[in-house]
Amino acid sequence: MDEDLLYEFDGEIRYEYPKEKLKTKDKYYFVDKERGIEILSKEVMKKKKEVIHYPFRRDGKKKYSFTKIIYRNMPKNLPVGIMKSPNYGYGFTKEVNPFIYRLQDEFKDLDTLIVDYEGCTEIIDGTIIKLSYEDIKLARERIAPMLSKQSKEKNVIVSNIINNIFPGIVEDEKYDYVSGELANFITSKSITTDNLSISDLTTMTDLISKLDISHLFVKEKGIIATKEKVEKVFLEDIIHKFEELMRQKTETDRLEDKWQDFFRENMLYFNMGYVEKFEKERIQGDKSLNIPDYILLNTYGYLDVFEIKTHITKLLSYDAGRNNFHWSSEATKAISQSENYIDSMMENSKTIMINIRDKYRIEVDVIRPKVYIVASSWDYIAGEDTKDKFVAEKYQKMKNDFRRLNNSLKNIEFVLYDDLLEVFQNTINRIS
């Protein structure tokens, strides 16, 4: 007898040995002489990566209602959740057994359970079920923390695990929630925002969004205070990203791309009265229209255009002889492009309205849209040396001339990055 196959527990000798060595497999038997037991315990396949266990109790009877567990594609050492020693009768650990017991209750004719380390879960027929090891692992991770909980809670979790894996086999079970239980749980666990996962936050957000208007939390404006707190955190993050881009000092195509990406994600949060954003690819349809990458819908149902430059773009040139400022070549080019956008949208207004209606299911009007050119800042409006070159009276003259030039444009307006930052900061101040 191979000494490695001998086991001694409380003075009792038990062992597992290969009783039959066949061409395709070795058949192992477990022996307990004290109890007069000799039973088939394991089969090891020789031509495929497969081991079969026949789980048993200490008295030699079947541990489960089904007969065998086939392990496929398993690592050399069986992973957590699976009993590795014949002295415990094989099968699964206590963290997995509640799931297995419920499974056999639901599938009365189950005879063979397959656990595949690489495959997917499926019901092969009424007598055979294949489980992916990932599902075994998931069941273990969810049940383990609940072993100290009341049995009702544990059964609810097991039922829901089975329903997730085999939809429709059992109904989702719920245990009655006692008001205040969540608050007590959060307090007792000393939970902080750093502990919360995305799943935790998503679940709480979804729950709050379902509040009825008659709920006391809504009536007493608690929901508004919560919304404003969330908005404040969100806006502070946007401002941080905005200011990071503002710190860049070199005009490049890449910088303009970064600003384009920023506004594509955040334009609707600027609290400027816009309710929807339309993408060029969906608006123009089969035609190639001369329109910007995206267009915004205001609260009155009309379209406005936003053209994005950078915060370093030079908008003004200084005429020392006449002591005044005029549009720079960059500004003149942007104005010309904006006029082309307006003309193109007017000429193709019917196409644009139809495509927006079909793609977004929104009715809009295209009546001479206004173009906002987001560009420059007071530190760069007249070039890189603006701060050093134009001070005191000249600085005020520059600001006045910019306002005058900007107001003279028809359906076109330059918006400085400083102004947008102020919009954000004012919004946060209002919330605070």
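The distance linking the stretch 58-81 with the stretch 239-269 is 58 Å (Cα centroid to Cα centroid, whole angstrom). Just tell me the longest site-free run in the chain, where the sites are chymotrypsin sites (Phe, Trp or Tyr not before Pro) in a DSSP loop having at most 14 other beta-carbon atoms within 10 Å. After excluding every exposed loop site, the longest remaining stretch is 1-174.
Helix 349-360 sits at what angle to the longest principal axis of the chain, using alpha carbons and giving 0 to 90 degrees rounded to 10? Computed tilt is about 20 degrees. Glu38 to Glu171: FRET efficiency via 1/(1 + (r/R0)^6), r the Cβ-Cβ distance, R0 60 Å, to the nearest 0.05? The computed FRET efficiency comes out at 0.85. Sticking with the crude label model, points 7 Å out along Cα→Cβ, report the distance from Arg142 to Lys410 in nm, one decimal please. So the two model labels end up 6.6 nm from each other. When shorter helices are ignored and each DSSP H run of at least 4 residues is given -39500 (n - 2.57), the per-residue value for the chain at 222 nm works out to -12500 deg cm²/dmol.
Note on Asp257 and Tyr101: with the Förster distance fixed at 51 Å, the Cβ-Cβ geometry gives a FRET efficiency of about 0.30.
Placing unit charges on the Cβ atoms of the charged side chains and taking the dipole of the chain about its Cα centre, the candidate lying farthest along the positive direction among Phe92, Thr202, Ile428 is Phe92.
Ignoring lysines fewer than eight residues from Lys387 along the same chain, the ones with Cα atoms less than 28 angstrom from its Cα are Lys241, Lys249, Lys258, Lys309, Lys314, Lys333, Lys397, Lys399.
Cα centroid separation, the stretch 399-413 to the stretch 294-332: 9 Å.
Take every Cα pair under 8 Å whose residues are at least 6 apart in sequence, average their separation, divide by the length of the chain, and the relative contact order is 8 percent. Which aspartates and glutamates does Lys23 reach when only Cα atoms under 15 Å apart count, and residues fewer than 8 places away in its own chain are ignored? Candidates past the 8-residue exclusion: Glu43, Glu50. Helix 392-408 against the longest principal axis of the chain: what's the angle in degrees, Cα atoms only, rounded to the nearest 10? With rounding to tens, the tilt is 80 degrees. Counting other Cβ atoms within 10 Å as a rough exposure proxy, the listed residues Ile69, Ile213 run Ile213, Ile69 from fewest neighbours to most.
Are there trypsin sites (Lys or Arg not before Pro) in the stretch 330-378 that DSSP puts in a loop and that have at most 16 other Cβ atoms within 10 Å, and which ones?
Numbers: sites: Lys333, Lys350, Arg357, Lys359, Arg361, Lys370; in loops: Arg361.
For trypsin sites (Lys or Arg not before Pro) across the stretch 330-378 that sit outside H, G, I, E and B with at most 16 neighbouring Cβ atoms in 10 Å, the list reads Arg361.
When you filter the trypsin sites (Lys or Arg not before Pro) in the stretch 234-311 for DSSP loop state and at most 16 other Cβ atoms inside 10 Å of their Cβ, you are left with Arg247, Lys249, Lys287. Here the chain is treated with +1 on each Lys and Arg Cβ and -1 on each Asp and Glu Cβ, and its dipole about the Cα centre works out to around 700 debye. Can you find, among Gly36, Val115, Gln104, the residue sitting farthest towards the positive end of the charge dipole of the stretch 3-165, where Lys and Arg contribute +1 and Asp and Glu -1 at Cβ? Of the options given, the answer is Val115.
For the stretch 165-171, backbone phi angles converted through the Karplus equation (6.51, -1.76, 1.60; θ = phi - 60°) give residue-by-residue couplings of 7, 10, x, x, 6, 10, 7 Hz, Gly and Pro being listed as x. Each of Val364, Leu316, Asn266 was scored by the projection of its Cα onto the charge dipole of the stretch 247-431, and the greatest displacement toward the positive side belongs to Leu316; charges sit on the C-beta of Lys, Arg, Asp and Glu.
Every read-out reported here was derived from the displayed coordinates using simple, explicitly stated rules and does not represent laboratory data. Only a predicted model underlies this, so the values are computations on that prediction, with no experimental measurement involved. Here the Cβ is made from the backbone with ideal geometry for all residues, glycine too, and neighbour counts use every protein chain on show.
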